[in-house]
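J.: After the structure tokens below, expect a handful of questions from me.
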Amino acid sequence: MSGGRGIRIEKNIFKNNMDGLVMREDDQLVTGNEFYSHRIAIVAEASHLKIINNYIFNSTESSILSFNYNKVNLSIVGNVINNSYNNGIDLHNVQGSRIANNLVVGSGLNGLVLFNSKNNTIENNTLIHRPNPSGRCGIYLGNSENNTLERNICELNVKYGIRLEHSHNNTIVNCTTSHNAYSGISFYFANNNTVMNTKIERNFVHGIYIGSSFSNLFYNNSLISNRFGAYIDANSPHNGFQHNVFCGNTRYGIYTEMIPAEAEYNWWGDPTGPYNPRSNPRGLGDNVTDRVIFVPWMSVFIDLNKDARYNPYEPYFLRVQEAIRNSTEGAAIYTGNLAYNENILIDRPLKLTGSSIPDGTRIEVSSGYAITIRSGNVSVERIVIAGNNSADIGVLIEGNNLKNITLRHCTVSDFIGGGIFCNGHNSSLEELHLDNLTVKTSWTQRKCGVGIHIIGSTRAVISNTTVQDWQTGLHVENCSSSIFKNNIIQHNDFGIHISSTYTSLVFNNYFDNLYNYLVEGDISVRWNVTYSSGLNILGGNHLGGNYWSDYGGEDIDGDWIGDTETPYGPGDYLPLVRDDKKPIIRDLTCGYPTTGDNFTFSVEFIERGGRYSVTFEYWFEECEHNTVLFSVERPVYRWNYTIHIPHNATGALHYYFAACDSVGNVNSTPEAVLEVLDDDLPRFGRDLSPDYGTTGDNFSFVVEVTDNVGVSEVWVEYWYEDEEQQRVLVLERSKGEVWRGEVRVEDTLKRLFYMFHARDHSGNEMKTPIKEVTIIDDDMPEILDDMTENVTGTGNRVDFAVKVVDNVGIREVRLLYWQSGKDLKNLTMERISETSWRLTVTSKKDSLLPIRYYYQVEDIAGNLLITRAALIRVYDDDPPEVISEEVSEATTGDNCSFTVNVVDNIVVRGVNVQYWFDIWISLGVSQNVSMGGAGEEYSCEIRVPARASRLYYRYFAYDEEGNIAGTPVFEKAVRDNDPPVIQWVEAKGVEDKLTLRVGVEDNIGVLRVYLEYYYEGRKAGEEDFMERNGVWETKIALRGERVEYVIYCEDTSGNVNQTRSVWKKPETSKTTYYVVGILVIMAFIGLMYFLMRKGRIPPPSPLKVFRRREGREESLDNMDVIRDGKSG
């Protein structure tokens, strides 16, 4: 269906048409229609068309197709397209169009195609291929530019979510490509494109694939849980990645083949950055290849889930201050293992945590305050804060009504004004917690600044902190209800400076400074707790006051508490004292260790402090040391320790005891040496020898032997059944505890017996029980020589002869042979001698197929040798055979036929007959004629010469192999059946005599010529002709004017010829006859010439003269008949 310009086509149902709707005019609206089972549902061939809110199902090609040139301003909006065979929406050569809010499901190739198009907007479309397993792309751009793809969803496509080929300057923004089988977004020869704010997640292979493309920008995208976040081939330079999330990509965040990839300012799934074994081995984020440029990376994130690890879509930042600025109250901020060169202001409640890698996170500044805290409920942990000997203060805490501020596991170093300055303004700083800090400088000459300076704090707790190398280690002003414990304050000019401080407690600290304390003003501070048991900072067993390096009193009772010159200084009644007396050790061990037995060490310790650690170390020569560590909390302690002396212990046992008290006083015993005695026999382990031996092969005696001090020698005794003398084989150590030796098994089936012996280095010997081994013959018989000829003739004897040997004996040799596929024969051969076997057979007479054969040789043990099939070539050496022959009667001048029956064992190739006649013998001439025929009968014909009287012949037959059979010479008489030929007759009458002369010729010879003559019908007589010089002549008497005569000619074979004629006496003179005759001839010739010129008659044929004799005509063209002396 097609409509005109400006037509509105609405709420129709189109079914089963070739093309549902063809739009060839501009400004048409198609809306609310349903299309079912068309080749193409809607063909858009015009501009300014609106295709809105239609339902299209089961198109056999594409659902919406626009293919003509220069179409502009198409609106394809809100359509539902399901199950298109090719493309859901297929647009070519379109500009300035909008494709939006469409749902395309189950397309066979692509959900949406934009080809050779520009300046189009594709937005809010959903393209899913899940029902169709052959779907290719969600969105495909080919040869297209300056298009915008925004807020599209491309999921579950068989290859690509979005594919750009030869397409440039396009923008992809706020899209989602996920669960695609190959790539989320694929670039192929596509340049200068931008991808922003797009989710590229859970694609099976690549999140982004870049092939032969350059200068594409990827900004603020999330590439999560793909196999490769981005894959860049070797032909794709200058592609940039910034502010993207690479997280959970199983193989690589970015993989580049050969060229650098610019990937700064990205988040890699962990603050420590991406992992690369060379450039960032401590990174815990996605992997990257060597050529990825990833420094600096985004290393700070806000932990929204409060689970201390990064989760997708949690905000990340490059700088700490940026994260604080974007955080809410109570946020948890985690940083990476980087150095941050920034001054940080914390103005809201939050938790700032550095890297879990020791000293991984560093805040480095060159001026001002490194960290300023102006809010309560702040925690800073695991951060190194460095001032580079130029910045003012490491941590500044100031403000009104600040509460609950914690610094834990941090290091503050090298600030010129001080490490930590807490200014509570009129006691407005509550619950300050400084724990496990190190506050120090690197100055060794002039010291300045205060390590920790606290003003106006209530309920502060400073514990487990080291402060050193400052002008003043700890300065406390105007504080109350605070506790200072377990701190080490050393190497400062002043240890603790305290003023205007009330109801506070200072105990169990370590002071070792030029001046350990300075007290000013009115204070109310306790410098010790009540005497009690507990581990003090020196390692003693009692708690009291503090350790002061300049305390001069003594500990009388050994409890680590000073008993004289108390109270110390500012008011410490229980100052801590170092213990410098070593523990006492008494070695009570006695006896000598023996291999394989237990041995007990015994020792007694005495330490008046009653708390110390013990080290016991023992070892055997050239063995590892064994160490036992334990602690003791009693003044006198006796300890027994039992060990098992290994069986393989060699040399001496060494040991010593050492004890260290809680303040580091160490005492130890000299190294003791005890000789280890060996009383253990060698031990046999597994017998690894085979359960049977095979004749002719090596038999391995293999056994495991161990000994506590070492095996010196192992041997085996062995013998065969019924042998009296035993044989000895010394074994060699092969590996570890295994000893091995080999002997060759003899060619016998008798059983083998053996037993092992072993001796250790101490001379202890041991042997095993006797073991029996079965000997098996697994050696195949061996063919020494096959003496069978490899060629034979048809029907000939074939002598199979073979020489066979075996180590234990041959039972049988069989011959299997065949000359065709169905006549396999299996025959037993005859033993001729110990090794020779023979059998004679006959080859087939009528077959040239080769004889194939092989031998089966079985020995006494049943080992069967089957040789490879060999071949005997069969040739035909049997000539053909002439069974019978027949020759027709040979008559002179006629054909004579030969017929012969010839057979051959294979096939007759040809038969010849050689013949000659008696008249050829003197010339030495014969003829050889090939006979024709098929099967067994062959024949041919020859011409018998007129003068032949004897025929001689013989046959030759030959087959395909060239075998020739010849017969004896046969002789056959030739019968002459040619009568004499009367060539001319001359009759001449003179007076009363008639002279007759005859020319006669015969193939054999003229025997007789005679004449019968008649007068008036009556026979008058008979006369013989006489031959003279080849002419036969006779005379008869004339008795009238006319005589009839018959001339007879007889040859030597009895053939007779005759001629009959009449002689008349001439009436005119010869001259008259001559003249008349000439005139007649001339007249006849003239008339003939005239008629031929007029075309009345054809030219005359040559005159042929025949005579009939014995039923056949014979030509007389060459015979002259002479009558009356004239030619006629």
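J.: Taking 8 Å as the Cα distance limit and 6 or more residues as the minimum spacing, I'd like the relative contact order of the chain as a percentage.
T.: 3 percent
J.: Something else about it: Output wanted: per-residue J couplings in Hz (rounded whole) for the stretch 78-88, from phi through Karplus 6.51 cos²θ - 1.76 cosθ + 1.60, θ = phi - 60°, x for Gly and Pro.
T.: x, 8, 10, 10, 10, 6, 7, 5, 9, 10, x
J.: Which one, 755, 688, 725, is farthest towards the positive end of the dipole of the stretch 683-776 when Lys and Arg carry +1 and Asp and Glu -1 on their Cβ?
T.: Final value for the positive-end residue is 688.
J.: Here's a follow-up. Can you give the FRET efficiency for residue 604 and residue 563, using 1/(1 + (r/R0)^6), R0 = 41 Å, r = Cβ-Cβ distance, to the nearest 0.05?
T.: Computed FRET efficiency for residue 604 and residue 563: 0.90.
J.: Give me the log10 of I(q) over I(0) for the stretch 664-822 at q = 0.13, 0.14, 0.16 Å⁻¹, as the Debye formula computes it from C-alpha points; what are the numbers?
T.: Result of the Debye calculation: -0.76, -0.82, -0.95.
J.: Find how many whole Å separate the alpha carbon centroid of the stretch 952-980 from the alpha carbon centroid of the stretch 536-564.
T.: Value for the Cα centre distance between the two parts: 150 Å.
J.: Right, another one. Using only alpha carbons, build the gyration tensor for the stretch 302-362 and give me the equivalent ellipsoid semi-axes, biggest first, whole Å.
T.: 17, 15, 10
J.: Give me the log10 of I(q) over I(0) for the stretch 584-675 at q = 0.14, 0.19, 0.20, 0.21 Å⁻¹, as the Debye formula computes it from C-alpha points; what are the numbers?
T.: -0.51, -0.85, -0.93, -1.00
J.: Moving on. Note down the magnitude of the dipole of the chain about its Cα centre, charges +1 on Lys and Arg C-beta and -1 on Asp and Glu C-beta and zero elsewhere, to the nearest 20 debye.
T.: 7220 debye
J.: Going by how many other Cβ atoms sit within 10 Å of their own, how do 324, 172, 185, 357 line up, fewest first?
T.: Fewest-to-most ranking of 324, 172, 185, 357: 357, 324, 172, 185.
J.: Suppose the Debye formula is applied to equal point scatterers at every Cα of the stretch 216-265; what is log10 I(q)/I(0) at q = 0.16, 0.18, 0.27, 0.31 Å⁻¹?
T.: Cα-only, vacuum Debye calculation for the stretch 216-265: -0.40, -0.51, -1.07, -1.24.
J.: How do 634-644, 301-311, 723-733, 946-956 rank on mean C-beta neighbours within 10 Å, highest first?
T.: For the peptides 634-644, 301-311, 723-733, 946-956, the packing ranking is 946-956, 301-311, 634-644, 723-733.
J.: I've got another one for you. Would you mind listing how long the stretch 439-562 runs along its three principal axes, going by Cα atoms, in whole Å with the largest first?
T.: Largest first, the stretch 439-562 extends 41, 33, 23 Å along its Cα principal axes.
J.: A further question follows. For a quick size check, give me the Cα extents of the stretch 782-863 along its three principal axes, largest first, whole Å.
T.: Reported extents, whole Å, longest axis first: 43, 22, 16.
J.: Moving to a separate point now. For residue 582, list the lysines whose Cα falls under 29 Å from its own Cα; do not include residues on the same chain fewer than 8 positions away.
T.: Here the lysines satisfying the reach criterion relative to residue 582 are 485.
J.: While we're on this one: Would you grab the residues whose amide H sits under 5 Å from the one on residue 345? Only those 5+ places off in sequence or on another chain, please, with H modelled 1.01 Å from N.
T.: Those lying under 5 Å, H to H, from residue 345 are 372.
J.: Then there is this: Could you let me know the centre-to-centre spacing of the stretch 794-821 and the stretch 328-361, using Cα atoms, in angstrom?
T.: Centre-to-centre (Cα) distance: 95 Å.
J.: So what is Rg over Rh here for the stretch 706-789, counting just Cα atoms and using Kirkwood for Rh?
T.: Over the Cα atoms of the stretch 706-789, Rg/Rh equals 1.19.
J.: Near the amide H of residue 951, under 5 Å away, which other amide H atoms are found, from residues 5 or more places off or on another chain, if H is placed in the peptide plane?
T.: Long-range HN contacts for residue 951: 972, 973, 974.
J.: Could you tell me the extents of the chain's C-alpha atoms along the three principal axes, largest first, rounded to whole Å?
T.: 217, 123, 56
J.: Obtain the radius of gyration and the Kirkwood radius of the stretch 334-526 from its C-alpha atoms and give Rg over Rh.
T.: That ratio equals 0.95.
J.: Which of rounded, prolate or oblate describes the stretch 270-323 when judged by the alpha-carbon gyration tensor and an a/c cut-off of 1.5?
T.: It comes out prolate by the Cα gyration axes.
J.: So if I restrict to the alpha-carbon atoms in the stretch 870-990, what is the Rg, and what is Dmax, the biggest pairwise distance, in Å?
T.: In order Rg, Dmax, the Cα atoms of the stretch 870-990 give 20.5, 102 Å.
J.: I'd like the FRET efficiency for residue 381 and residue 873, computed as 1/(1 + (r/R0)^6) with the beta carbon distance as r and R0 of 60 Å, rounded to 0.05.
T.: Efficiency, from the Cβ-Cβ distance: 0.05.
J.: Using the number of other C-beta atoms within 10 angstrom as an exposure proxy, rank 92, 433, 497 with the fewest first.
T.: 433, 92, 497
J.: Now a separate question. With a cut-off of 8 Å between alpha carbons and a minimum separation of six or more residues, what is the relative contact order of the stretch 73-217 in percent?
T.: That works out to 16 percent.
J.: As an exercise, find the ratio Rg/Rh for the stretch 859-935 from alpha-carbon atoms, using the Kirkwood inverse-distance average for Rh.
T.: For the stretch 859-935, the value is 1.41.
J.: Now for a separate question. So what are the radius of gyration and Dmax for the Cα set of the stretch 234-331, in Å?
T.: Rg then Dmax for the stretch 234-331, in Å: 14.0, 48.
J.: Once phi is turned into θ = phi - 60°, what whole-Hz ³J(HN,Hα) does the Karplus curve with 6.51, -1.76 and 1.60 give for every residue of the stretch 244-258, x standing for Gly and Pro?
T.: Here the 3J(HN,Hα) series is 9, 9, 10, 8, x, 6, 5, 9, 9, x, 10, 10, 10, 6, 9 Hz.
J.: Another question, if that's okay. Only counting other Cβ atoms within 10 Å, I'd like 559, 233, 707 sorted with the fewest neighbours first.
T.: The order, fewest Cβ neighbours first, is 233, 559, 707.
J.: Can you work out D for the stretch 8-270 in µm² s⁻¹ from Stokes-Einstein, where Rh is the Kirkwood radius over C-alpha pairs, the temperature is 20 °C and the viscosity is 1.002 mPa s?
T.: Value of D from the Cα-based Kirkwood radius: 117 µm²/s.
J.: Please list, in order along the stretch 385-401, the HN-Hα scalar couplings obtained from phi with the Karplus expression 6.51 cos²θ - 1.76 cosθ + 1.60 (θ = phi - 60°), rounded to whole Hz, x for Gly and Pro.
T.: 10, 10, x, 6, 6, 9, 6, 6, 9, x, 10, 10, 10, 8, x, 9, 6
J.: Express as a percent, rounded to the nearest 5, the fraction of DSSP beta bridges in the chain (both residues included) that run antiparallel.
T.: 50 percent
J.: Give the Rg (one decimal place) followed by the Dmax (whole number) of the stretch 37-132, computed from C-alpha coordinates and expressed in Å.
T.: Using the Cα atoms of the stretch 37-132, the pair Rg, Dmax is 11.8, 34 Å.
J.: Tell me the net charge near residue 404. Cut-off is 15 Å between Cβ atoms, residue 404 excluded, with +1 for each Lys or Arg and -1 for each Asp or Glu.
T.: Spelling it out: positives minus negatives among the neighbours equals +1.
J.: Between residue 589 and residues 5 or more places away or on another chain, which pairs have amide H atoms under 5 Å apart, with H built 1.01 Å from N, and which residues are they?
T.: Correct list: 602.
J.: Now, a different point. When Lys and Arg each count +1 and Asp and Glu each count -1, what net charge do the other residues less than 9 Å away from residue 178, Cβ to Cβ, add up to?
T.: Around residue 178, the surrounding residues sum to 0.
J.: Given a cut-off of 20 Å, what percent of all Cα-Cα pairs of the stretch 560-719 lie beyond it?
T.: The share of Cα pairs beyond 20 Å in the stretch 560-719 comes to 66 percent.
J.: Sticking with this one: Among 835, 318, 548, whose Cα sits farthest toward the positive end of the charge dipole of the chain (+1 at Cβ of Lys/Arg, -1 at Cβ of Asp/Glu, about the Cα centre)?
T.: Result: 318.
Each value in this text was obtained by applying a stated rule to the coordinates, not by laboratory testing. Keep in mind that this is a model prediction, so the values were computed, not measured. Backbone-built Cβ (ideal geometry, glycine too); neighbour counts: all protein chains shown.
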